[in-house]
Amino acid sequence: MTDFVGRARAFVKARYPQAIAAFLGGSAASGEATDSSDLDILIVLPDRWTSVGFVETTEFDGQIVEAFVYGREALQSWMAKGRSDARPVLDRLVAGGVSLVTSEISTSIAAISREALRGGPSPIAQEELNRRRYSLSAVIDDVTDAMDPGIRCVAMVTAWKEAAELALLSNAHWLGTGKWLVRELRANGDPFGLAALAVAGWSDEKALVDACDAVLESTGGYLQIGFTRGTKPKDL
């Protein structure tokens, strides 16, 4: 079995020996990686590079590495943005990852990320909630009205994603991108059965529409007529 942690430590030593903290995240840290998986590694640079921030896809010892490289100021900024967007990618990498550099800074960063994840995202604003209700309502109509099989399939996938995000945000849970969206649903009980629908595929239109309708009902209901984007002057 590949020693992903050992390889990640060797990568940091070879490419970023000046790192004051580093973490291996993703499937390699959770034990779900295969030989074709990439390594997600967060590198924290000394204060000489405090405002530096970039993500580099590279290769090491025959394996693809996604290196998230930040100075401490830049790291704080990008972590704050992730929390604000309800997509805490870097916090997940740190909190669920393996520390590759032993230091007080590593310990502090990990503690802050774990606390942030436990706290959950800020409550969804009413304006954003209504915007998402409107968007999901519209795409459900697209699903039921579609005559073209290709258009229907794309509409169903879009409806599933919109419903999943609305279900999570309306219950103060973090969002995820790609596979992380399914993981977040499962981690939070998936009361609408959306993760199961993703496993089953897109053959059952009625089941998907019923699940989307249930998400809408839990957040205020179907919304189309009467919804206004922007500010309409009172004299119009």
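The selection criterion, being of a type in the set (A, V, I, L, M), outside any helix (DSSP H, G or I) and either open to solvent by 20 Å² or more (accessible area, probe 1.4 Å) or more than 30 Å from D91 (Cβ to Cβ) (or both), does not hold for M156. Counting the residues of the range 89-145 that are of a type in the set (S, T, Y) and within 23 Å of T231 (Cα to Cα) gives 3. Number of residues in the range 7-37 that are assigned to a loop (DSSP other than H, G, I, E, B), surrounded by fewer than 16 Cβ atoms within 10 Å (Cβ to Cβ) and within 25 Å of the chain's Cα centre (by Cα): the value is 6.
If you take the residues in the range 184-194 that are among the hydrophobic types (A, V, I, L, M, F, W, C) and over 14 Å from M156 (Cα atoms), which one is least open to solvent (accessible area, probe 1.4 Å)? So the residue we want is L185. When each of S137, S108, S122, S113 is tested for being assigned to a helix (DSSP H, G or I) and surrounded by fewer than 12 Cβ atoms within 10 Å (Cβ to Cβ), the lone residue that passes is S108. Among the residues of the range 203-219, is any within 25 Å of R87 (Cβ to Cβ), at pLDDT 95 or above and open to solvent by 60 Å² or more (accessible area, probe 1.4 Å)? Yes: the range 203-219 contains one or more residues that are within 25 Å of R87 (Cβ to Cβ), at pLDDT 95 or above and open to solvent by 60 Å² or more (accessible area, probe 1.4 Å). Residue selection: A86 satisfies the criterion of being open to solvent by less than 20 Å² (accessible area, probe 1.4 Å), of a type outside the set (S, T, N, Q) and modelled with pLDDT of 95 or more.
May I ask you to list the residues in the range 52-90 that are in a helix (DSSP H, G or I), out of contact with any Asp or Glu (no Cβ under 8 Å at 6 or more places or on another chain) and of a type in the set (K, R)? Selection gives K81 alone. Contact map, the range 127-138: first residue closer than 9 Å to Y222 by Cα, second residue charged (D, E, K, R), Cβ cut-off under 7 Å, separation 6 or more or different chains; pairs are L136/E162. For the range 92-105, the count of residues that are in a helix (DSSP H, G or I), farther than 30 Å from A125 by Cα and among the hydrophobic types (A, V, I, L, M, F, W, C) is nonzero.
The values are calculated or read from the model by the stated rules, or taken from the named source; none is laboratory data. Keep in mind that what you see is a predicted model, and the values were worked out from it rather than measured. Cβ atoms come from the backbone with ideal geometry, glycine included; neighbour counts cover every protein chain shown. Note: accessible area is taken over every heavy atom of the protein model, side chains too, but ligands, DNA and RNA are not part of it. Shrake-Rupley method; radii C 1.70, N 1.55, O 1.52, S 1.80 Å.
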